[in-house]
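The values are calculated or read from the model by the stated rules, or taken from the named source; none is laboratory data. Keep in mind that this is a model prediction, so the values were computed, not measured. Here Cβ is always computed from backbone atoms with ideal geometry, including for glycine, and neighbour counts include all displayed protein chains. The area values use the complete protein model at the heavy-atom level, side chains included, leaving out ligands, DNA and RNA. Shrake-Rupley method; radii C 1.70, N 1.55, O 1.52, S 1.80 Å.
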Amino acid sequence: MKKPARNTPAIAYTIVGKDLAAHLFEVTLTVAAPAAEGQVFVLPAWIPGSYMIREFARNIVSIRAESNGQPVALAKLDKHSWQAAPLKEAGALTLHYEVYAWDLSVRAAHLDQNHAFFNGTSVFLRVQGQEDVQHVVDMQRPADPAAATWRVATSLPELKAKRYGFGTYAAASYDALIDHPVEQGDFALATFKAHGVPHDIVISGRVPNLDLARLSADLKAICETQIAFFEPKTKKAPMDRYVFLTLAVGDGYGGLEHRASTALICARSDLPTKASVQSKDKSDGYIQFLGLCSHEYFHTWNVKRIKPAVFAPYDLQVENYSPLLWLFEGFTSYYDDLMLVRSGVISEAAYFKLLGKTIGSVLRGSGRTKQSVAESSFDAWTKYYRQDENAANSIISYYTKGSLIALAFDLTIRAKSAGKKSLDDVMQALWQRFGRDFYEGAARGRGVTPAEVEVLFDEIGGSRLKPFFEKHVRGTEELPLAKLLAPFGVTIKDDRKSGKPSFDANLGRDGNDCKLSVVHEGGAAHRSGLSAGDILVAVDGLRVSATNLESLLGRYAVGDTIEVHAFRRDELMTFKLKLQGERIPAVTLALDATRKKANGPLRPSAAR
Ligand SMILES: [Zn+2]
């Protein structure tokens, strides 16, 4: 291999929004010393944190290669990969390609006259064999006048660019390059420090009267609580800088974690406005948004640095199967809301309301009796991420059930140790042994195996947790939450409206018609023979519309049998349906009146 000239980066990309209206990025990639046998280029099939094969290379609409001003043949090897012909004379090899970017999510890339957003997994081809050298990116301002005032927000370190400016940025490796999403546009921006580390909150999309000061203050409290959680002595954050990249839209919700940033999408109505500053109470939407920020931020430790061994390193071309997402997503879901109450951002009552909702959602589907959270984790690629109308009857969420497993572990450890230990100690031990040096050590971090997780839980939690793993992690036995919460003065109630007549199906709409979206196993609709997708036409001869089923059923009692007409595709069918009581759990938690404050997981354990 010819040694590249000084100051010439081994791998250099340029990226520019070339045609905003056509949603096309133009990318060039120059490799100073391409492989002699013909350089191979590969685009990831999935993005870490979102466990589904997405085949991002399908959005590359054109690609060509050149060297010394001469075209070089490119052969396509498979759906993600190309190989350039060996070069006839020494020199750099340059690829020119265009990427279609019209996916309004945190997982891919999106470009129009309002903004540019991209993840490296969507736009940066990997230079096979040279993943561990420095990767330099020149971000160029689009020529379109719409972009004249755009700025750049990313946690990717600047090389020759001002903060928030176009110019060159650099990553130490390909793995680092694709872990810093980029937003370009006329965004709102606020900066705060959490235990000395600068944090940016970036909001793209139109949000009139946005209260950034309030958002910054709440996020600062959450971030400082989490930094102190993992490093109680030093309060040292694992990154030099952190960026919350947020896209506000009419309706949306999602987030994706990265090592020093997160990409978020939220409903504009979830963000605080200056008009509501007088009110101390936070709306459910704002609490949900803060919970999302808290969740993705917790991932900075739990999954970005403490990782399943199979993710270290990732194989981005195929599924990476792990039975541990209940720990990485479930425990993160447990601590996201807990950090809101521990940081004082929400009240204990608001926390119990969130917890009641989670318990109710786990109890809702019969899928919990068929799939364990270990299985749900392993099959995330084809089941959790590809849910169909039968999901409630066939799978369990490793997020919600995983968070209740965290609660059960936490309560168990606290009870056994008389309040001296808690799940916090387990998380800190995971951090110290597997996470803290992941990006810092001389050797690349190796992640944690399922067997190591169990050994560590036994050691820190005070042994004999194996039966718990058997029953609740690898098995589907119900969690004894009421029994575990009782010693902490917390009682659980289920106030479902069992006297209210119900189909036990989720209703959707199709124009002005009522369409069954989910039919719950064992429920009235299922027993009558109705199916998800059926369009209800009439109940006892009276027309069903998109909105009137509940009032029609109000004339009947639980146990009555009604005649239902429904279309399945274009065929009219008749069903005899025996109404049953409401089966949607309405779980509430209450603190024993004799106790002023819950001394359970709302607080760190007594030892600290
Ligand atoms: Zn997550």
Q: Considering (1) away from the ligand (no atom under 16 Å from the Cβ); (2) open to solvent by less than 20 Å² (accessible area, probe 1.4 Å); (3) out of contact with any strand residue (DSSP E or B) (no Cβ under 8 Å at 6 or more places or on another chain); (4) polar (S, T, N, Q), say which one SER283 fails and leave the rest.
A: (2)
Q) Consider LEU87 against the criteria (1) part of a strand (DSSP E or B); (2) of a type in the set (A, V, I, L, M, F, W, C); (3) crowded, with 18+ Cβ neighbours inside 10 Å: it satisfies all of them except one. Which criterion is unmet? A) (1)
Q: Scan segment 42-51 and give yes if some residue there is modelled with pLDDT of 95 or more and open to solvent by 20 Å² or more (accessible area, probe 1.4 Å), otherwise no.
A: no
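For (1) out of contact with any helix residue (DSSP H, G or I) (no Cβ under 6 Å at 6 or more places or on another chain); (2) at pLDDT 95 or above, each residue gets a yes or a no:
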| position | (1), (2) |
| --- | --- |
| LYS483 | yes, yes |
| GLY489 | yes, no |
| GLY499 | yes, no |
| ASP504 | no, yes |
Q) Which members of segment 197-229 meet the condition of being small (Gly, Ala, Ser) and either in a helix (DSSP H, G or I) or more than 23 Å from GLY252 (Cα to Cα) (or both)? A) ALA213, SER216, ALA217, ALA221, ALA228
Q. Pairs, please: C-beta under 7 Å, at least 6 apart or cross-chain, first residue over 13 Å from HIS115 (Cα atoms) and in segment 138-162, second open to solvent by 70 Å² or more (accessible area, probe 1.4 Å) and of a type in the set (Ser, Thr, Tyr)?
A. none
Q: Pairs only if they're at least six apart or on different chains, beta carbon under 7 angstrom, first in segment 41-60 and touching a residue at least 12 places away in the same chain (Cβ under 8 Å) and of a type in the set (S, T, N, Q), second more than 16 Å from the ligand (Cβ to nearest atom) and not in a loop (DSSP other than H, G, I, E, B); list them, first residue then second.
A: ASN59/VAL99; ASN59/TYR100; ASN59/SER122
Q. Of everything in segment 90-111 that's closer than 22 Å to GLN130 by Cα and either assigned to a loop (DSSP other than H, G, I, E, B) or touching a Gly at 6+ places or on another chain (Cβ under 9 Å) (or both), which residue is least open to solvent (accessible area, probe 1.4 Å)?
A. GLY91
Q: Output the residue which, of all residues in segment 238-276 that are open to solvent by less than 30 Å² (accessible area, probe 1.4 Å) and of a type in the set (Val, Ile, Thr), is farthest from the ligand (Cβ to nearest atom).
A: VAL249
Q) Mind checking which pairs have a first residue in segment 457-476 that is assigned to a loop (DSSP other than H, G, I, E, B) and a second that is aromatic (Phe, Trp, Tyr), Cβ under 6 Å, 6 or more apart or different chains? A) LEU465/PHE457
Q: Identify all residues within segment 306-317 that are out of contact with any Leu (no Cβ under 6 Å at 6 or more places or on another chain) and open to solvent by less than 10 Å² (accessible area, probe 1.4 Å); write none if there are none.
A: LYS307, PHE311
Q. Here is a list of conditions, (1) within 16 Å of the ligand (Cβ to nearest atom); (2) free of Cβ contacts under 8 Å to residues at least 40 places away in the same chain; (3) part of a loop (DSSP other than H, G, I, E, B), and THR234 meets all of them except one; can you say which number that is?
A. (1)
(Q) If I go through segment 173-196 residue by residue, how many of them are open to solvent by less than 30 Å² (accessible area, probe 1.4 Å) and either aliphatic (A, V, I, L, M) or outside any strand (DSSP E or B) (or both)? (A) 12
Q | Elements of type strands (runs of 3 or more DSSP E) contained in segment 23-79, each with 3 or more residues being more than 31 Å from the chain's Cα centre (by Cα) | A | 60-67, 70-72, 74-78
**Q.** The one condition in (1) more than 23 Å from ALA21 (Cα to Cα); (2) not in a loop (DSSP other than H, G, I, E, B) that THR121 fails to fulfil
**A.** (1)
Q) Looking only at segment 518-564, which residues are in a strand (DSSP E or B) and either surrounded by 15 or more Cβ atoms within 10 Å (Cβ to Cβ) or touching a Pro at 6+ places or on another chain (Cβ under 6 Å) (or both)? A) VAL518, VAL519, ILE535, LEU536, VAL537, ALA538, VAL539, ILE562, VAL564
(Q) Looking only at residues that are in a loop (DSSP other than H, G, I, E, B) and within 15 Å of the ligand (Cβ to nearest atom) in segment 294-323, which one is nearest to ALA260 (Cα to Cα)? (A) THR300
Q) Which of the residues spanning segment 324-364 are part of a loop (DSSP other than H, G, I, E, B), surrounded by 20 or more Cβ atoms within 10 Å (Cβ to Cβ) and away from the ligand (no atom under 16 Å from the Cβ)? A) SER343, VAL345, ILE346
